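Undergrad: Have a look at this one before I ask anything.
The values are calculated or read from the model by the stated rules, or taken from the named source; none is laboratory data. As the structure is a prediction and not an experimental result, all values here were calculated from the model. Cβ placement follows ideal geometry from the backbone for every residue including glycine, while neighbour counts extend to all protein chains displayed. Keep in mind that these areas ignore ligands, DNA and RNA; they rest on the heavy atoms of the full protein, side chains included. Shrake-Rupley method; radii C 1.70, N 1.55, O 1.52, S 1.80 Å.
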Amino acid sequence: MTFRAVLLTQADKAVSSEITQLEDDQLPDGNVTVDVSYSTLNYKDGMILNGVGRLVRDYPHVPGIDFSGVVSASSDDRYVEGDRVVLTGWRVGEAHWGGYAEKARLNADWLVKLPEGLSELEAMSVGTAGLTSMLAMQALEDQGIGSKPVLVTGAAGGVGSVAVHLLSQAGYQVAASTGRPETSDYLMKLGANQVVTREELAEPAAGPLSSERWGGCIDAVGDTTLAHVLTEMEYGASVAACGLAGGNKLDTTVIPFLLRGVNLLGIDSVMCPFEQRVHAWQRLDDLLQREILSDMTTVVGLDEVPHLGSEILAGNVQGRTVVDVRH
Ligand code: NDP
């Protein structure tokens, strides 16, 4: 049987992609085979499609760091044909062939069964970004969220959009920071109570501490933004650091930690334990408002993936981009 896939190849260190037909017996080893329905475009996919950061070592390669679909064959007791599943993380799409293909074969340990109430499209409308946002919100809640608004940086992006919506649905006041003022209406519709400009937060902080503004923060940007935000946290509040869209440096002082008891929490959706994933997907099913979810989602075909990889790296993609793998 043949199936369609985005295949990445490398020649003279340059990476290029094409839509091609593969045979079943070219799939990697694994105890579960999935007919993929939807995958998504994430910042990391943009890096992989453009050969940035050497995330992929073996070519040819099928990218796509997450997908939803239906099990078509399984030699693992936990899965039978017809089970609806979701996959995020475990370096699928990097070290293992991923979701930009009509079929995927992988280790059953990496899958999660979709909650009853969540369709395959809805699951990918949140995807890795949604799981990450949920893990970040849970990490903030575990530490205790303060009385001031919770800030989300990189708010118009994938992680940011879902984070704004989830925090709002969970009853928190939300401040959304964006470099695209034209997305203000969109962010308010997702549930933001106020919009803060990217420039304001990206400037170096005036000193090691500033007035307390934020009861928590989900940060997708890093760099000077994260350093700035640390100086503005409420006493005892936490920042969940998820991403580095603005850069991976962090030039700060120990003062916010010593004098304000600020917590800096690292969020990793890639290797997070199975029980935590199952709980996070269940809570996503409970909290997500389905109409808002479709507002934040753009559905594209497999053919559009190679071009969109550069767009997401340039910060031009709004919300979540779902790839309908069968079209
Ligand atoms: P997106 O590109 O969808 O969103 C990133 C957003 O960050 C952009 O939309 C933009 O928001 C903002 N941004 C982009 N460039 C800059 C810049 N130079 N300076 C400041 N802000 C910028 O990506 P994702 O939401 O998919 O991912 C966001 C980050 O989270 C990435 O670094 C990604 O690698 C990371 N990530 C981490 C995970 C984990 O497990 N820890 C899982 C998933 C993602 P706006 O236009 O609103 O300013």
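Undergrad: Just how much of ARG198 is accessible, in Å², when a 1.4 Å probe is used and the result is rounded to the nearest 10?
TA: Spelled out: ARG198, probe radius 1.4 Å, area about 130 Å².
Undergrad: May I ask which of LYS103/LYS189; LYS148/LYS189; LYS44/LYS103; LYS13/LYS44 have a Cα-Cα span longer than 27 Å here?
TA: On the way: LYS103/LYS189 36 Å; LYS148/LYS189 20 Å; LYS44/LYS103 21 Å; LYS13/LYS44 19 Å.
As for pairs spanning more than 27 Å Cα to Cα, those are LYS103/LYS189.
Undergrad: Once the dipole of the chain is set up with Lys and Arg at +1 and Asp and Glu at -1 on Cβ about the Cα centre, which of VAL150, LEU258, THR297 lies farthest towards its positive end?
TA: LEU258
Undergrad: Just read off the accessible area of MET47 with the full protein assembly in place, 1.4 Å probe, to the nearest 10 Å².
TA: Rounded to the nearest 10, that gives 40 Å².
Undergrad: If you don't mind, there's one more thing I want to ask. Between helix 274-287 and the chain, what is the angle of the helix's C-alpha long axis to the longest principal axis, kept within 0 to 90° and rounded to the nearest 10?
TA: In the chain, helix 274-287 runs at an angle near 70 degrees to the longest axis.
Undergrad: What is the set of long-range amide H partners of ILE267 at a cut-off below 5 Å, with H atoms built 1.01 Å from backbone N?
TA: Here the answer is ALA241, since their amide H atoms fall under 5 Å of that of ILE267.
Undergrad: Can I ask one more? Between ALA108 and GLN194, 0.36 nm times their residue separation minus their Cα-Cα distance comes to what?
TA: On the way: separation 86, 0.36 × 86 = 30.96 nm, distance 4.24 nm.
Gain on stretching ALA108 to GLN194: 26.7 nm.
Undergrad: With a Förster radius of 22 Å, plug the Cβ-Cβ distance of LEU121 and LEU287 into 1/(1 + (r/R0)^6) and report the FRET value to the nearest 0.05. Intermediate values should be presented prior to the final figure.
TA: Details: r = 17 Å, r/R0 = 0.79.
So, using R0 = 22 Å, E works out to roughly 0.80.
Undergrad: May I pose another question? Could you run the Karplus curve 6.51 cos²θ - 1.76 cosθ + 1.60 with θ = phi - 60° over region 159-175 and give me ³J(HN,Hα) per residue in whole Hz, x for Gly and Pro?
TA: Ordered by residue, 3J(HN,Hα) equals 4, x, 4, 5, 4, 4, 5, 5, 4, 5, 5, 7, x, 8, 6, 10, 10 Hz.
Undergrad: If I ignore ligands, DNA and RNA and count only protein heavy atoms, how much of HIS327 is accessible to a 1.4 Å probe, in Å² to the nearest 10?
TA: Rounded to the nearest 10, the figure is 130 Å².
Undergrad: Same structure, new question: Please list, in order along region 52-62, the HN-Hα scalar couplings obtained from phi with the Karplus expression 6.51 cos²θ - 1.76 cosθ + 1.60 (θ = phi - 60°), rounded to whole Hz, x for Gly and Pro.
TA: 8, x, 6, 6, 9, 9, 10, 10, x, 9, 9
Undergrad: If amide H atoms are built 1.01 Å from N in the plane of the peptide, which residues on other chains or at least 5 residues away come under 5 Å of the amide H of SER37?
TA: Correct list: SER68, GLY69, VAL70.
Undergrad: Moving on. Simple spin-label model, 7 Å along Cα-to-Cβ: VAL300 to GLU18 in nm?
TA: 2.0 nm
Undergrad: Step through the residues of region 239-255 one at a time and calculate ³J(HN,Hα) from phi using the Karplus curve (6.51 cos²θ - 1.76 cosθ + 1.60, θ = phi - 60°), rounding each to whole Hz and writing x for Gly and Pro.
TA: 10, 9, 8, 10, x, 9, 4, x, x, 9, 7, 9, 9, 9, 10, 7, 4
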